[in-house]
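S.K.: To start, I am sharing the structure in question, which I have written as structure tokens.
The values are calculated or read from the model by the stated rules, or taken from the named source; none is laboratory data. What you see is a predicted model; the values in this text were computed from it and never measured. Note that each Cβ is placed from the backbone with ideal geometry, even for glycine, and that neighbours are counted across all protein chains shown. These area figures cover heavy atoms from the full protein model, side chains too; ligands, DNA and RNA do not enter into them. Shrake-Rupley method; radii C 1.70, N 1.55, O 1.52, S 1.80 Å.
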Amino acid sequence: MHSSKRQPVRNVFVMAVLAILLVPQIVYPCTHEYPDYDVMENHSLRSFPDASTAWDAIPAQITNFYNDRLPYKTALRSFLARANYALFHDSLSSEVVIGNDGYLFYDNPEDGDPIKDAQGIAQYSNEQTQQMMSAIKENQTIADSIGASLYYFTIPNKENVCFQYLPDYYTKVNHVTRFAKLQKQMQANDIASYDCIKQLMTSDQQVYFKQDTHWNKRGAYVGTLAYLKAVHPQLDEAWLRNV
């Protein structure tokens, strides 16, 4: 008798688990398109294994296929991250800061300290600046000796360009970043140095992945165009747009 009473409860539990697993898989494709990974992350949707897939690679490929197509993945990730932040005032990763509008930011003091750089807090010491300028001048001397033109082009960190999406408690302390100071010194020494931060910041396109540190294809286009126009003022921009 006792066992027979448990059976309906078990059946309900099994049905509930199956519903949780299957219903989102059925409903999501009818109501949503799969995410544009040129906007969210730095990879394309992974494919399902085919006849050419090695046997030992099939489990991982199937896992990646379904991970990319997990229904409501972004919403679940955002909910978990925000719940963790609300309860523990912490990110799921010590190196990730949860920003606004789905943006994630890299925060590692041991690897460039990009957020403090964007705030204008992190600065190069005089010794670091002198070491870099010494190496830059040496490179310029080598280029001159072989009749080559040397150009420096810097891609700004996502934190500098997308600063407005950082949490409100990150404030600008200094609007001059350490690179801006270094670049000014390079230009004072007749070193050809360019960047594209103004073009990226004023673009009406999303130029960085929301959940990755790199710029996306749109950002790469804006940055490349800025560099080419700086080095070749006569550039036919309409031709490049067609390309």
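S.K.: Among the listed pairs LYS172/LYS210; LYS184/LYS217; LYS172/LYS217; LYS198/LYS229, give every one whose C-alpha distance is greater than 19 Å.
M.R.: Beyond 19 Å between Cα atoms: LYS172/LYS210; LYS184/LYS217; LYS172/LYS217.
S.K.: Grab the Cα-Cα distance for VAL231 and ALA188, subtract it from 0.36 nm times how many residues apart they are, and report the gain in nm with one decimal.
M.R.: Separation in residues times 0.36 nm, less the Cα-Cα distance, equals 13.7 nm.
S.K.: Just to confirm my numbers, what's the Cα centroid distance between region 143-178 and region 108-122 in Å?
M.R.: 11
S.K.: Additional query: Give me the one-decimal nm value for the distance between modelled label points at ILE146 and THR224, 7 Å along each residue's Cα-to-Cβ direction.
M.R.: So the two model labels end up 2.4 nm from each other.
S.K.: Using 0.36 nm per residue of separation minus the Cα-Cα distance, give me the extension gain between SER134 and SER94 in nm, one decimal.
M.R.: Here the answer is 10.9 nm.
S.K.: Mind ranking THR154, THR177, THR202, THR213 by accessible surface for me, highest first, 1.4 Å probe?
M.R.: THR202, THR213, THR154, THR177
S.K.: Whole number in Å², please: accessible area per residue of region 107-193, 1.4 Å probe, ligands, DNA and RNA not counted.
M.R.: Result: 60 Å² of accessible area for each residue.
S.K.: Taking 0.36 nm per residue of sequence separation and subtracting the Cα-Cα distance, how much length would be gained by fully extending the chain between SER44 and LEU70, in nm to one decimal?
M.R.: 7.9 nm
S.K.: Just to be sure I understand the model, the point goes 7 Å from the Cα along the line to the Cβ. What's the resulting HIS175 to LEU240 distance in nm?
M.R.: With each label point 7 Å from Cα toward Cβ, the separation is 2.7 nm.
S.K.: Additional query: In terms of modelled amide H atoms, which long-range or inter-chain residues lie less than 5 Å from the amide H of VAL96?
M.R.: Those qualifying (amide H under 5 Å, at least 5 residues apart or on another chain) are ASP107.
S.K.: Right, something else. With a ≥ b ≥ c taken as the square roots of the eigenvalues of the C-alpha gyration tensor of region 131-243, please select rounded if a/c is under 1.5 and otherwise prolate if a/b is larger than b/c or oblate if it is not?
M.R.: Cα axes put region 131-243 in the oblate bin.
S.K.: Within region 93-160, what whole-number % of the accessible surface is contributed by carbon and sulfur, with the 1.4 Å probe and all protein chains included in the calculation?
M.R.: Its accessible area is 47 percent carbon and sulfur atoms.
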